[in-house]
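The values are calculated or read from the model by the stated rules, or taken from the named source; none is laboratory data. Note that this is a predicted model, so its numbers are computed, not measured. Every residue, glycine as well, gets a Cβ built from its backbone with ideal geometry; the counts of neighbours run over all protein chains shown.
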Amino acid sequence: MPAPHLTADVAIVGAGQAGLAVAYHLARRGLQVGSQVVVLDRGPGPGGAWQHRWETLTLGGTHRLHDLPGMTDAGVTFDAAPADRPAREVVSEYYGAYETRHGLDVLRPVVVSAVERAGDVYRVRCAPGSAVETVDARVVVSATGTWTSPRTPFMPGRDAFEGLQITTPEYTGPERFRGLRVAVVGGGTSALTFLDEVGDVASSVLWFTRRVPSFHEEEAELSAERGRTAVAIQDEAARSGRPLPSIVSVTGLPRSALVRRLESAGRLARLPMFASMDAAGVLTRSGMHFPVDAVIWATGFRPEIAHLRPLGVVNELGGVAVEDGQVVGEPGLFLAGYGPQASTISSNRAARVTARRIATILAP
């Protein structure tokens, strides 16, 4: 039976990279994770969103993770992670070792449905079937990421299409597309991965993007200048409460081994975004019809912040005004891994600052 109610100083919603990093730094400041700090996670086990990714996805190349703070103390590092095993297995193992080594007790599974005010504390309400029903806390850190909130653009005729349609989180591997005519939509790394994997088994693959892709000569890592630009643009949007722009629209795509492989296979012939769909395929703005059997919507993600709507902090545009991880007008509410904190490196750095601010709030 789930625990009916818990009380804590801090409730962290999400045990991916951002949530674990904040929990780690709070523990370093002397707070007891499991009692003073309650960490809630919707997954069945460690690994954050990575545990749900498709089996053929591996680490290395275009898909890299940086270590969490104190990860080497757990005897693991992503710098030496195997590239021949599914990323979901590796990340789950490493995050599990990290949680154990640093005593970061996580309540699972817990699906948070709403965060509300309850007097001078926040009340975290959880969906039926969760390991706890409600948690009252002076401080809430929302570290829910984006994986459960894929972005799907409005498209006339989409409901009339009779073929297969999936988003990135629904992708399980290339086999279900064997022999099909496939349209991949999106200009990010996931779209490139689908072009590569599905292209080996599909009868044909078409690539559609809203804007012309921009490739740069850096391999997998962004230059310092490109990274600073991306963070600044994300930070400005977060502070103003606007919806966050996609990272790839700012940084472009590295000319990685994957890109070179796609180029040599002739799979990077990008087409402008189609204008509508019908039962059998997609139609361009010029009226050309492409028959397809399946569409993969690799069109990015929105932050998963629906549980914060009862607080009135999510505006009509779907954004939240956030300054340095703290929600404007809500001194006890933090968003970890949001906007400029989205990468592992920036998330780790921000977690230290967030923990320091929380310690100040909790001080007598």
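A residue that is out of contact with any helix residue (DSSP H, G or I) (no Cβ under 7 Å at 6 or more places or on another chain), farther than 24 Å from Thr299 by Cα and not assigned by TED's automatic domain parsing to the domain that holds Met277 cannot be found anywhere in the stretch 151-159. Here Leu253 fulfils each of the conditions (1) at pLDDT 95 or above; (2) buried (at least 19 other Cβ atoms within 10 Å of the Cβ) apart from (1). The residues in the stretch 99-127 that are part of a helix (DSSP H, G or I) and closer than 20 Å to Ser142 by Cα can be counted, and the count is 1. When each of Gly43, Gly47 is tested for being in contact with a Ser or Thr (Cβ under 7 Å, 6 or more places away or on another chain) and among the small types (Gly, Ala, Ser), the lone residue that passes is Gly47. Of all residues in the stretch 154-168, exactly one satisfies the criterion of being free of Cβ contacts under 8 Å to residues at least 40 places away in the same chain and part of a helix (DSSP H, G or I), namely Asp159. The set of residues in the stretch 128-152 that are assigned to a strand (DSSP E or B) and among the hydroxyl-bearing types (Ser, Thr, Tyr) comprises Thr134, Ser142. Consider Arg352 carefully, then state whether it is among the basic types (Lys, Arg), in contact with a strand residue (DSSP E or B) (Cβ under 9 Å, 6 or more places away or on another chain) and modelled with pLDDT under 95. So Arg352 does not fit the description; no. Looking only at residues in the stretch 288-305 that are touching a residue at least 40 places away in the same chain (Cβ under 8 Å) and farther than 16 Å from Gly188 by Cα, the one that is surrounded by the most Cβ atoms within 10 Å (Cβ to Cβ) is Pro303.
Reported count of residues in the stretch 201-230, each being assigned to a helix (DSSP H, G or I) and either surrounded by 19 or more Cβ atoms within 10 Å (Cβ to Cβ) or at pLDDT 75 or above (or both), is 1. Please work out if Val76 is within 16 Å of Val140 (Cα to Cα) and surrounded by 18 or more Cβ atoms within 10 Å (Cβ to Cβ). Taking the combined requirement at face value, the residue does not satisfy it.
Quick grid of which residues meet (1) assigned to a strand (DSSP E or B); (2) modelled with pLDDT under 95:
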position	(1), (2)
Ala11	yes, no
Leu20	no, no
Gly45	no, no
Thr56	no, yes
Asp84	no, yes
Glu89	no, no
Tyr94	no, no
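Within the stretch 1-21, residues that are closer than 12 Å to Thr144 by Cα reach partners that are in a strand (DSSP E or B) and of a type in the set (Val, Ile, Thr) with beta carbons closer than 6 Å, at six or more positions or on different chains, in the pairs Ile12/Val39; Ile12/Val141; Val13/Val112; Ala15/Val39; Ala15/Val106; Gly19/Ile12. Out of the residues in the stretch 315-340 meeting the condition of being charged (D, E, K, R) and in contact (Cβ under 8 Å) with a residue 12 or more places away in the chain, tell me which one is nearest to Asp120 (Cα to Cα). Only one residue fits best here, namely Glu330.
Residue-wise test of (1) farther than 20 Å from Val33 by Cα; (2) in contact with a Leu (Cβ under 9 Å, 6 or more places away or on another chain).
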site	(1), (2)
Gly70	no, no
Pro86	yes, yes
Val132	no, yes
Arg138	no, yes
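Do we have Asp84 as surrounded by fewer than 16 Cβ atoms within 10 Å (Cβ to Cβ) and not β-branched (Val, Ile, Thr) here? When the stated conditions are applied, Asp84 passes them. Within the stretch 139-154, track down each residue that is surrounded by fewer than 18 Cβ atoms within 10 Å (Cβ to Cβ) and over 16 Å from Glu304 (Cα atoms). Scanning the stretch 139-154 gives Pro153, Phe154. Of the set (1) at pLDDT below 90; (2) farther than 27 Å from Glu304 by Cβ; (3) of a type outside the set (Ser, Thr, Tyr); (4) in a loop (DSSP other than H, G, I, E, B), all apply to Gly179 but (1).
Per-residue answers, yes or no, for (1) of a type in the set (Asp, Glu); (2) under 19 Å from Gly300 (Cβ atoms); (3) not assigned by TED's automatic domain parsing to the domain that holds Ala265:
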site: Gly119; (1), (2), (3): no, no, yes
site: Thr134; (1), (2), (3): no, no, yes
site: Glu162; (1), (2), (3): yes, no, no
site: Leu180; (1), (2), (3): no, no, no
site: Gly188; (1), (2), (3): no, yes, no
site: Phe194; (1), (2), (3): no, yes, no
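Cβ separations smaller than 9 Å between residues 6+ apart or across chains give the following pairs from the stretch 182-200 residues that are closer than 17 Å to Phe274 by Cα and touching a residue at least 12 places away in the same chain (Cβ under 8 Å) to residues that are outside any loop (DSSP other than H, G, I, E, B) and among the charged types (D, E, K, R): Gly187/Arg270.
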